[in-house]
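These notes concern the structure reproduced below.
Since every read-out is calculated from the coordinates, none of them should be taken as a lab result. Note that the structure is predicted; figures quoted are calculated from it, not measured. Cβ placement follows ideal geometry from the backbone for every residue including glycine, while neighbour counts extend to all protein chains displayed.
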Amino acid sequence: MDLTAMAQQIAALSSALPEIQKQLKEAAVREAVDGGAMVRVVPEWFPRPVRAGRGEAGNVDPWFGLTQADWNAEMKAGFSGWMETTEGSGRPKVMISYEAAREWLQAKWKRQMARRTA
């Protein structure tokens, strides 16, 4: 096999890689479901809850049960797994990474447990 043929084969496989990965993921999910396993679906990003009006109970996110004030406090404490999707807007929309939030909150809870048991 000459170098040109190898380069063409690599290019063809590289372009097919996303589709191959998608098929493998779908096959793994299908196999798990067919085997009776539960599949947990979580978002990559979810919106930070909006502020409640005066006299209203605060809205909470459905994944961690935190309010806007809770998320603001986490951001001030160093949580960086968020992005503003409407930069420069008078009413910014903040999205929070589920995976980053899960890791941040687990580390926080572990630190709290270590302090309580020390």
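Just a few scattered comments:
- q = 0.18, 0.20 Å⁻¹, the chain: log10 I(q)/I(0) [Debye, one scatterer per Cα]: -1.02, -1.10
- A full extension of the chain between residue 46 and residue 109 corresponds to an added length of 20.6 nm, given 0.36 nm per residue minus the alpha carbon distance.
- Under DSSP loop assignment and at most 16 Cβ neighbours within 10 Å, longest GluC sites (Glu not before Pro)-free interval of the chain: 1-43
- Computed lengthening from residue 59 to residue 19, 0.36 nm per intervening residue step minus Cα-Cα distance: 10.5 nm
- Binning the C-alpha pair distances of the stretch 1-41 at 10 Å intervals from 0 yields a P(r) profile of 26, 30, 21, 15, 7 %, listed from the shortest bin outward.
- By the rule of a C-alpha distance below 25 Å, with chain neighbours fewer than 8 residues away ignored, the lysines paired with residue 76 are 93, 108, 110.
- Cα-centre dipole for the chain with unit charges at Cβ (Lys and Arg positive, Asp and Glu negative), debye to 20: 820
- Net charge over other residues, Cβ less than 14 angstrom from the Cβ of residue 19 (K, R count +1; D, E count -1): +1
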